[in-house]
Amino acid sequence: MLSFASPWFALLLPAPLLAYWLLPAYQRRRAAIRVPFFADLARLSGAEVREGVSISRRSLFRLLTLLACWILTIAALARPQWILPPIHQDRPARDLLLLVDLSGSMDTADFTDPFGNKVSRLAAVKQVLEDFLARRQGDRVGVVVFGNSPFVLVPFTADLGLARQLLGEMQVGMAGPRTVLGDAIGLGINQFAASAAPAKTIIALTDGNDTASLVPPVEAARVAKDKGIVIHTVAIGDPGATGEEKLDEGALKQVAETTGGGFYRALDREQLAQIYAQLDRIETRKVETVSFQPRIELFWMPLAALVLLSMLAQAMRLVRRPRRRVAEAVP
């Protein structure tokens, strides 16, 4: 569809006519001999005397050329555009961050895979996260792993294939043997600093007790709430464990309640899968549809026609003048 970006330039179309009406005619003084009997002399010499005003073909051609040039100028200024059909694009409206505990206790083989084999807690988490991420099309996903310190494994990305690949390469102990959930939440909050998504969610998975964080998990959760971030906590493993592997379920519940999230306990792979199915229903996929119409600029067409017409008119004037001079030189 043809459209004009600046159609108001069309108001300038009658400008030459207004100038013709309102401005005085151009006059030039030249020395001349005034003869009262000029008509008689012309008649005796055989020349034809025309009375009144007439428009020659030459002046008519010049007038039409100037008129066409003015119309093409206005057309170029109005910026004609060809509007293409609208394009619809889905844009992620949620940023989802996974906090995964890689402490030494995640190597405990107390989970069962779909084939009945005993696998480590981390292996079970990988399998369930693989299915969970497969259903998150439309979200941006990031991953933070933590042990002695938290590290960003996957910055926020809409490439869920890349996130799933890097999650599959996680290994127990790669971030240290201890558990710093509070620092991991703090790093996760920093990851949301540049996020413009209206919905921000953290899912934290841990099987240990936070004993080394500089910021307690509950304090970090309060900061997350102020930033509009919802945290869901998932406790993995045996709640009866002691020492470093002991689960501090009270702290995990408080973290979730502070931000308006939920606390979940997973004692085996089946429960873990159910938790993620429930989270998938709670954290429904959010997508913003953005529509725009591409436009192709066409102003160069009347501009090119204007240049060519001007050059052609000037060339015709240059061709006619030598012929006239030759004709005048012949006696």
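Tell me which residues, restricted to the stretch 126-145, are of a type in the set (Val, Ile, Thr) and touching a helix residue (DSSP H, G or I) at 6+ places or on another chain (Cβ under 7 Å). Those that are of a type in the set (Val, Ile, Thr) and touching a helix residue (DSSP H, G or I) at 6+ places or on another chain (Cβ under 7 Å): 128, 141, 143, 144. The single residue among 191, 171 that is open to solvent by 30 Å² or more (accessible area, probe 1.4 Å) and under 18 Å from residue 126 (Cβ atoms) turns out to be 171.
Is it the case that some residue within the stretch 32-45 is of a type in the set (Asp, Glu) and modelled with pLDDT under 70? No, every residue in the stretch 32-45 fails to be of a type in the set (Asp, Glu) and modelled with pLDDT under 70.
I'm checking my understanding of the structure. Among residues of the stretch 179-212 that are in contact with a strand residue (DSSP E or B) (Cβ under 9 Å, 6 or more places away or on another chain) and more than 24 Å from residue 140 (Cα to Cα), which one is modelled with the highest pLDDT? This residue is 180. Going by the structure shown, is residue 281 farther than 27 Å from residue 209 by Cβ, at pLDDT below 75 and within 33 Å of the chain's Cα centre (by Cα)? Against the criterion (farther than 27 Å from residue 209 by Cβ, at pLDDT below 75 and within 33 Å of the chain's Cα centre (by Cα)), residue 281 qualifies.
Taking the criterion of being part of a loop (DSSP other than H, G, I, E, B) and either out of contact with any helix residue (DSSP H, G or I) (no Cβ under 7 Å at 6 or more places or on another chain) or closer than 20 Å to residue 155 by Cα (or both), the residues of the stretch 180-210 that qualify are 180, 195, 196, 197, 198.
Residue 69 passes every criterion in (1) surrounded by fewer than 18 Cβ atoms within 10 Å (Cβ to Cβ); (2) over 42 Å from the mean Cα position of the chain (by Cα) apart from (2).
Residues that are open to solvent by 10 Å² or more (accessible area, probe 1.4 Å) and in contact with a Ser or Thr (Cβ under 8 Å, 6 or more places away or on another chain) within the stretch 209-221 comprise 209, 210, 211, 212, 218, listed in sequence order. Given the residues 115, 151, 146, which is the only one that is out of contact with any His (no Cβ under 7 Å at 6 or more places or on another chain), open to solvent by 30 Å² or more (accessible area, probe 1.4 Å) and either of a type in the set (Gly, Ala, Ser) or modelled with pLDDT of 85 or more (or both)? On inspection, the qualifying residue turns out to be 151. Restricting 164, 178 to those that are open to solvent by 10 Å² or more (accessible area, probe 1.4 Å) and in contact with a Leu (Cβ under 8 Å, 6 or more places away or on another chain) reduces the list to 164. Restricting attention to the stretch 224-234, does a residue exist that is open to solvent by less than 30 Å² (accessible area, probe 1.4 Å), over 25 Å from residue 123 (Cβ atoms) and within 39 Å of the chain's Cα centre (by Cα)? Yes: the stretch 224-234 contains one or more residues that are open to solvent by less than 30 Å² (accessible area, probe 1.4 Å), over 25 Å from residue 123 (Cβ atoms) and within 39 Å of the chain's Cα centre (by Cα). Per the conditions (1) open to solvent by less than 70 Å² (accessible area, probe 1.4 Å); (2) farther than 20 Å from residue 233 by Cα, the sole criterion not satisfied by residue 159 is (1). Filter the stretch 236-256 for residues that are closer than 15 Å to residue 101 by Cβ, modelled with pLDDT under 65 and not in a helix (DSSP H, G or I) and give the result. Within the stretch 236-256, just 241 meets the criteria.
If you go through the stretch 120-131 and keep only what is open to solvent by 20 Å² or more (accessible area, probe 1.4 Å) and touching a Phe, Trp or Tyr at 6+ places or on another chain (Cβ under 8 Å), you end up with 120, 123, 131.
The values are calculated or read from the model by the stated rules, or taken from the named source; none is laboratory data. Since this is a predicted model, take the numbers as computed values, not measurements. Note that we place each Cβ from the backbone using ideal geometry, even for glycine, and neighbour counts take in every protein chain shown. Heads up: the accessible areas ignore ligands, DNA and RNA and are worked out on the full protein's heavy atoms, side chains in. Shrake-Rupley method; radii C 1.70, N 1.55, O 1.52, S 1.80 Å.
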